[in-house]
Amino acid sequence: MYQLKRALLAGIFTGIFTVGSALPVLAQQAPAPQKTCANPNALGVSRVVEIDTTGGPGFGFQHYKSYDFLEAKEVVLTFDDGPQKFHTEAVLAALAEQCTKAIFFSIGKMALGYPEILRKVAAEGHTIGTHTWSHANLRKKKTEAEAVDEIERGMSAVKRAVGGPIAPFFRFPELADSPETIKHLQDRNVAMFSTDIDSFDFKFRSSEHTVKAVIDRLGKLGKGIVLMHDIQPSTAKAIPALLVALKQGGYKIVQMKPKAPLQTLPEFDTAIESSVKGLSSAANERPTSSVVRTVSEPGVSKLGGEPPAAQMIPAPTAAQPDTPAAGKAETANDQRQRTWFWQK
Ligand SMILES: [Zn+2]
């Protein structure tokens, strides 16, 4: 009896909390079994929260002030705009070294460009959300249909790249939401993410600045959802030091997971599927980096904002091995890949 009681108590204190329509509701689930961590001083994951995305809750006090679910010193790490060769993998390696987890908000085009990297993100147990098809500012779209297309095409592409379930978690490019797009995501039961702590890593592009910006802001707020970009080389370089600084500062990492996976819409799945047809059978069987070359084919390209073929991400070659290399000097080609989707 005593053992049972102790087990129940342990279950309650380490269990998954549900945040969403009601908050925070204790769910009757056992914690997911954790792989043993080889690093005795790892930052780790202090708890997992499960999000009921029904009705499209918003997180991150910069825009959405409904769900104050983080305790003092609790931090959620998020990375936008990837996956990207070298940098996403360096971020993954740093997170693995500290046995900790994050949310990756992936762009549809990038996901089809580097599906193998995104699958690694998924395999390592991180949460994968989406960030539109081409990183378009949805407030600048002329029609609601165009904005919805960006959102849905991104979701279908990311799911296609992962080849498995992804989270109904979404972040607006440039955090630019609108009443129409919010309504759409609410109707789709997709959670929206703003931020509490914007690292502005894309502006300063300095690893020292990124670590200092996040730690300073956390010192003031005491907790929060941190926004960074795994496509930035300076961020990839900053993460090992940032994770050590978080541990030293007594911060704890919370992982956010969805209660149920994202349901993509069949017409957008079909559009993405048709965009990868006509490739070699091997590529068609599983998306590879060369998939991006066909994205300008009819059915996708007419939806606007496609960069010319010369700026498409080329398939990896022997000269560009898919190995983590934080801080590695970028070639002109890497630079083009890293920034290609901004060049419109
Ligand atoms: Zn972004």
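Miscellaneous remarks
- For the range 117-147 versus the range 205-255, the inter-centroid distance based on Cα atoms is 22 Å.
- Paramagnetic label zone (point 7 Å from Cα along Cα-to-C-beta, Ala72; backbone N under 20 Å) in the range 239-262: 246-254
- Close amide H contacts of Asp230 (hydrogens built in the peptide plane, cut-off under 5 Å, sequence separation of 5 or more or a different chain): Asp80, Gly82.
- Under 5 Å from the amide H of Ile51 lie the amide H atoms of Val19, Lys257, Lys259, each residue being 5 or more positions distant or on a separate chain, with H modelled from the backbone and absent for Pro and chain starts.
- Counting beta carbons within 10 Å around each of His63, His87, His131 and listing the fewest first gives the order His63, His131, His87.
- Neighbour-count order for Thr270, Thr78, fewest beta carbons within 10 angstrom listed first: Thr270, Thr78
- Among Asp187, Asp177, Asp80, the ranking by other beta carbons within 10 Å of each residue's beta carbon, starting with the fewest, stands as Asp187, Asp177, Asp80.
- The GluC sites (Glu not before Pro) found in the range 71-111 that occupy coil by DSSP, while having at most 15 further C-beta atoms within 10 Å, are Glu71.
- What the Cβ-Cβ distance of Glu273 and Thr54 gives, at R0 = 22 Å and to the nearest 0.05, is a FRET efficiency of 0.20.
- Close amide H contacts of Glu74 (hydrogens built in the peptide plane, cut-off under 5 Å, sequence separation of 5 or more or a different chain): Gly224, Lys252.
Values in this text are rule-based calculations from the coordinates and carry no lab data. Because the structure is predicted, anything quoted here is derived from the model rather than measured. For neighbour counting, all protein chains shown are included, and Cβ atoms are generated from backbone atoms with ideal geometry for every residue, glycine included.
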